[in-house]
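Structure first, commentary second.
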Amino acid sequence: MKVFIVKDYDAMSKKAAKIVRDAILRKPDLVLGLATGSTPLGLYKELIRMHKEEGLNFSKVITFNLDEYVGLPKDHPESYNRFMWDNLFNHININPSNVHIPDGTVEDLEAFCKWYEEKIDEYGGIDLQILGIGRDGHIAFNEPGTSLGSRTHIAKLTEVTRRDNARFFDGDIEKVPKYAITMGVGTILEAKSIILLANGEAKADAIKKALEGPVTCLITASALQLHPNVTIIVDKEAGSKLELEWEREY
Ligand code: F6R
């Protein structure tokens, strides 16, 4: 596990963007796993800049998003589909047919989950997966108690997560969907390499438990300790409770 504690959000985002850029330069048809939420916004902004100013080419890149709310239409302002197009895909030269985001509106959600797993396999698996972390230690929507071997499935969101995400739904927790389609922890662990990002004090406990606590389904991010190629980049605040001698870049 490579862990970098960097100065701030900007440094975290730029460091992650360089890793993504180098991976695309090495493999133009990179299979890239993507996350939504506040954390990767700076990374996406930097990737857009690299595309516009440095010609970073996404035309062959294949993407798979981690998750999507059940029941939100694709064009709903808070759907993860909309988030990805607004914050990244509309600003780079991605081929729309290379974009994969779970569809929370399909009738047969179970069949969709199976199809999503098969699709990832068809492309030879995810080369590089981007992750954020929830305050309860979740990765994707794998809430506490989710099996560390889980595959893409329907997840019930915890109260903590729904409260955290209410900020995007007029502050009203009742408007936050109760279920989501999510890649499982087992699916994520099969990615060839993983970057987990975290910023801000609110993530300090989750980062401490995920990196320096036992591997447990109660903090699903702790499963990353088992992965051979993980890079964790956190800002000073998110890393403020870490005690081991990790790399400090500030
Ligand atoms: C989003 C996702 C979630 C978020 C996590 C942190 O696709 O999978 O696990 O990464 O909830 O969200 P933010 O970044 O908004 O704090």
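Ordered from highest to lowest accessible area with the whole protein assembly present and a 1.4 Å probe, Asp22, Asp108, Asp75 read as Asp75, Asp108, Asp22. Taking all Cα pairs closer than 8 Å and separated by 6 or more residues, the relative contact order of the chain comes to 27 percent.
The local environment of Asn90, defined by Cβ-Cβ distances under 15 Å, has a net charge of +3 under the rule Lys, Arg +1 and Asp, Glu -1.
Among complete DSSP H helices in the chain, none has alpha-carbon atoms stretching at least 30 Å along the helix's long axis together with a mean Kyte-Doolittle hydropathy reaching 1.0. Checking every one of the chymotrypsin sites (Phe, Trp or Tyr not before Pro) in the range 26-132 against DSSP loop status and a limit of 12 other Cβ atoms within 10 Å picks out no site at all. In a fully extended conformation the segment linking Glu243 and Lys156 would gain 28.0 nm over its present Cα-Cα distance, using 0.36 nm per residue.
Between Thr216 and Ser97, residue separation times 0.36 nm minus the direct Cα-Cα distance comes to 39.2 nm. For the set Lys178/Lys203; Lys74/Lys241; Lys156/Lys203; Lys27/Lys52; Lys175/Lys209, the pairs lying more than 28 angstrom apart at their alpha carbons are Lys74/Lys241; Lys175/Lys209.
Looking at the range 33-122, which trypsin sites (Lys or Arg not before Pro) are in a loop (DSSP not H, G, I, E or B) and have at most 16 other Cβ atoms within 10 Å? Those satisfying the criteria are Lys60, Lys74.
Taking only protein heavy atoms and a 1.4 Å probe, the accessible area of the range 2-249 is 51% carbon and sulfur. Full extension of the chain segment joining Ile19 with Met1 gains 5.0 nm, where the gain is 0.36 nm per residue of separation less the Cα-Cα distance.
Computed over the range 2-249, the P(r) tail beyond 32 angstrom holds 14 percent of alpha carbon pairs. In this simple spin-label model, placing a label point 7 Å from the Cα along the Cα-to-Cβ direction at both Asn57 and Ser147 gives a separation of 4.3 nm.
For Phe64, the residues whose modelled amide H falls within less than 5 Å of its own, excluding neighbours fewer than 5 places apart on the same chain, are Leu32, Gly33, Leu34, His100.
With a cut-off of 9 Å between beta carbons, the residues surrounding Arg135 carry a summed charge of -2, where Lys and Arg count +1 and Asp and Glu -1.
The values are calculated or read from the model by the stated rules, or taken from the named source; none is laboratory data. As the structure is a prediction and not an experimental result, all values here were calculated from the model. Every residue, glycine as well, gets a Cβ built from its backbone with ideal geometry; the counts of neighbours run over all protein chains shown. Ligands, DNA and RNA are excluded from the accessible area calculation, which covers all protein heavy atoms including side chains. Shrake-Rupley method; radii C 1.70, N 1.55, O 1.52, S 1.80 Å.
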